[in-house]
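Asks: Input: one structure, supplied below.
Values quoted throughout were computed directly from the atomic coordinates according to the rules given, and no laboratory measurement underlies them. This is a predicted model, so every value here is computed, not measured. Here Cβ is always computed from backbone atoms with ideal geometry, including for glycine, and neighbour counts include all displayed protein chains.
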């Protein structure tokens, strides 16, 4: 008998504990963690148990204003693909928001008009497939651009455009993420530039809301990560482009989206040396759960 367990989950508990897919930048932090296990059973001795784990857990150690320091544990493992992957990482994650432009708000508050988000993490790295140990470090930046007029937020990451109160949102909404930074892999003395861009399209968002009382149900998504070598790379290390694209059906059980369920089909093509993923292409069908308490 073959047993397959599949779970994607994203969780945040009281802004102290966070679970996601990867701790490198705002895009991977926003993606759900994944766990897949296949157990062929005693009648299939020729087929070994297979696993896929893509996730991290972070715990806030210190937070003051726009600064936060967290401890991070991350595990990236996949034996379901041709070139297996397994790395284990432990370290710290630092986030700082820089206020570039603001306007006075009501009751003495400050309205953020233009922010720069910075994220730095430093982790020990144990690559069990390549039998290498060292450290990895990432520094990334993302920002909100000032909007020329109200409701024009297409230049702001993680914001839906057009907003739900605009008539054209009935037919299409768009959301994007972006970051620019640097990655360092000590085991290969490799320094890389990193450009990440993610785009999500929500066709018929408002029309589906009229039926199901929820926006953003049907999702078309894609992301591209480009890493450029700033120092000479080990010929056995794959750098370059990592593509991910797919389609998903999402349903939020509450108005603010704290609890949600999704079915997604996604294709991955490329490599990620920071996670021990060699250059290859594979697809997966998954069930996703998002939980915030």
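Asks: Across all directions of projection, what mean area in square nanometres is found for the Cα convex hull of the range 157-232?
Replies: Result: a mean projected hull area of 6.1 nm².
Asks: For the peptides 270-283, 240-253, what is the packing order when you average, over each peptide's residues, the other Cβ atoms within 10 Å and list the highest mean first?
Replies: Output ranking for 270-283, 240-253: 270-283, 240-253.
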